[in-house]
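First the structure, in the form of structure tokens, and then the observations on it.
What follows is calculated from the coordinates using simple rules that are stated; it is not laboratory data. Predicted model, so just to flag it, every value in this text is computed and none were measured. Note that we place each Cβ from the backbone using ideal geometry, even for glycine, and neighbour counts take in every protein chain shown.
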Amino acid sequence: MALKKKGKYWYGDTSDDIREEVVRYSASNAYCATKFAQPVCVCGSTTFKLESDEDEGVGRRTCTSCHQVHLIGDSAEYEAGAEFESHLCVCDGEQFELIVGVALYEGSNDVRWCYIGCRCTQCQLVGVFADWKCESGDADAFLAEA
Ligand SMILES: [Zn+2]
Ligand SMILES: [Zn+2]
């Protein structure tokens, strides 16, 4: 199934739908995401709570099964000054399947912008809940820590 719009929100049912939304959102931000990774916990779960501080460029996910906390991409470098805000869905759900997408500098594999796409496990809403300018260098290294 593909993304479906209800009112002003988009809904989907697979991680591919999140990826599609990251592409759509990032195209409107002028830095189009071209590489993606799906965060998977060390326990195998793909459902997380998400916190971020877009000003500091930091994202943090917490596994809903084993509660392992993981800093997304290069976030560990900027965590010290961060004020984390939890993300809530419009349905009040706070458990999400995630896709991390990055836009690259032209002609390089260097990260220019980072996007965190979410799919609410309660109502299936799909959206980019956080994005920030990111000068992390190698995109594959960044996404390995998605
Ligand atoms: Zn886990
Ligand atoms: Zn929801």
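Before moving on, here are some points about what is shown:
- Annotation note: trypsin sites (Lys or Arg not before Pro) in the range 1-64 located in DSSP loop regions with a Cβ neighbour count of at most 12 within 10 Å are K8.
- log₁₀ of I(q)/I(0) at q = 0.14 Å⁻¹ - the chain, Debye sum with one point per alpha carbon: -0.60
- Length-normalised contact order of the chain in % [C-alpha pairs under 8 Å, at least 6 apart]: 28
- Backbone HN-Hα couplings from phi across the range 13-22 [Karplus 6.51/-1.76/1.60, Hz, Gly and Pro as x]: 10, 9, 5, 4, 5, 5, 4, 4, 5, 4
- Scalar couplings 3J(HN,Hα) for the range 97-105, obtained by applying the Karplus form with A = 6.51, B = -1.76, C = 1.60 to θ = phi - 60°, are 8, 10, 10, 9, x, 10, 9, 10, 5 Hz; x denotes Gly and Pro.
- Taking Cα centre as origin and charging only the Cβ of basic (Lys, Arg, +1) and acidic (Asp, Glu, -1) residues, the dipole magnitude of the range 4-144 rounds to 700 debye.
- Inter-label distance, nm, simple model (7 Å from Cα along the C-beta direction), E145/T34: 2.3
- Spatially close Lys pairs in the range 4-144, defined by Cα atoms under 25 Å apart and a spacing of eight or more places or different chains, total 9.
- Built amide H within the under 5 Å cut-off of K35, gap 5+: V102
- Think of the chain as a dipole: +1 on every Lys or Arg Cβ, -1 on every Asp or Glu Cβ, centred on the Cα centre; then among C114, V58, S136, C114 lies furthest on the positive end.
- The Cα center of the range 23-90 and the Cα center of the range 1-19 differ in position by 19 Å.
- Label point distance in nm, Y9-C123, each placed 7 Å from Cα along Cα→Cβ: 0.2
- Computed E for C66/S86 - FRET, C-beta separation, R0 22 angstrom, nearest 0.05: 0.75
- On the basis of the beta-carbon distance and an R0 of 22 Å, E106 and E79 show a calculated FRET efficiency of 0.15.
- Exposure proxy ranking, count of Cβ atoms within 10 Å, fewest first, for C41, C91, C118: C91, C41, C118
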